[in-house]
Amino acid sequence: MTNLNGAKVAFLVAQDGIEQVELTEPWQAVEQAGGRPELVSLQAGSVQGRDHLEKADTFPVDKVVAEVTPDEYEALVLPGGLANPDALRRVPDAVRFAGEFFAQRKPVAAICHAPWLLVEADVVRGRRLTSYPSLRTDLRNAGAEWVDEEVVVDSGLVTSRNPGDLPAFCAKVVEEIAEGKHRAQARSA
């Protein structure tokens, strides 16, 4: 079993629209591997999870994105949900935060609609990845090679399509965090 040895991992989400299982399952995988996940959002307080469009649980925010830097974390996880990444990509602090993980060569994991934030951060050009199928054209237009696979790893960037891919996604998230920095991660920053 992989041990993350207390590595701090940022989970960046908006205040609402988060596909709950895409937050909770990777969070549990990081914790079970010995990592320390922190919930980073746009505002203090709590965030609203969703089971598709239905309200699910709320989760307390640990840090506000405007007040943190990637220097504080070993990796970044971006849960999906349709509204969550759409809200994040409109906030310069969230876009900057995500992009800086690439510049620092740290692992980044994005599932479902979450790669929308990576398009806005302009870090997908020349990268091979997957996403929810409706993002295919957006990702290709941003210079990515989009593929329809359960999980794709490209030099520290982990992507998956939907909640059905979570077992493979979670395993690769933990593996990439354990491997640490990836020199080629910065090539698209």
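The values are calculated or read from the model by the stated rules, or taken from the named source; none is laboratory data. All figures in this text were calculated on a predicted structure; none of them were measured in a lab. All Cβ positions, even for glycine, are placed from backbone atoms using ideal geometry, and neighbour counts span all protein chains on display. Heavy atoms of the whole protein, side chains included, go into the accessibility calculation; ligands, DNA and RNA do not. Shrake-Rupley method; radii C 1.70, N 1.55, O 1.52, S 1.80 Å.
Neighbours of ASP71 by Cβ distance under 14 Å: Lys/Arg scored +1, Asp/Glu scored -1, total +1. Put a plus charge on the Cβ of each Lys and Arg, a minus charge on the Cβ of each Asp and Glu, and nothing anywhere else: the dipole of region 128-189 about its Cα centre is then about 260 debye. Separation of region 83-97 and region 6-58, taken as the distance between their Cα centroids, equals 15 angstrom.
The string of couplings for region 8-14 from the Karplus curve (6.51, -1.76, 1.60, θ = phi - 60°) is 7, 10, 7, 10, 9, 9, 7 Hz, one whole number per residue in order, with x for Gly and Pro. Once the 1.4 Å probe is applied to the protein heavy atoms, region 20-70 comes out at 52 Å² accessible per residue. Springs join every pair of Cα atoms under 10 Å in this Gaussian network model of the chain, and among LYS106, LYS55, LYS63 the largest mean-square fluctuation is at LYS55. The residues of region 91-159 expose, per residue, 36 Å² of accessible area to a 1.4 Å probe.
Tally up the carbon and sulfur contribution to the accessible surface of the chain as a whole percent, 1.4 Å probe, everything protein left in place. The partial results should precede the final answer.
Values: 3640 of 8020 Å².
Carbon-and-sulfur percentage of accessible area, whole number: 45.
In the chain the Cα-Cα distances spread across 5 Å bins starting at 0 as 1, 9, 19, 24, 24, 16, 6, 1, 0 percent of all pairs. For region 125-131, 3J(HN,Hα) computed residue by residue from phi via the Karplus equation (6.51, -1.76, 1.60; θ = phi - 60°) reads 4, x, 9, 9, 7, 10, 5 Hz, glycine and proline entered as x. Remark: for residue pairs LYS55/LYS172; LYS55/LYS106; LYS8/LYS172; LYS8/LYS55; LYS63/LYS172, the C-alpha separation exceeds 21 Å in LYS55/LYS172; LYS55/LYS106; LYS8/LYS55; LYS63/LYS172. Each Lys and Arg Cβ is given +1 and each Asp and Glu Cβ -1; about its Cα centre, the chain then shows a dipole of about 600 debye.
Extents of region 1-109, taken as max minus min of Cα coordinates on every principal axis and listed largest first, are 35, 31, 21 Å.
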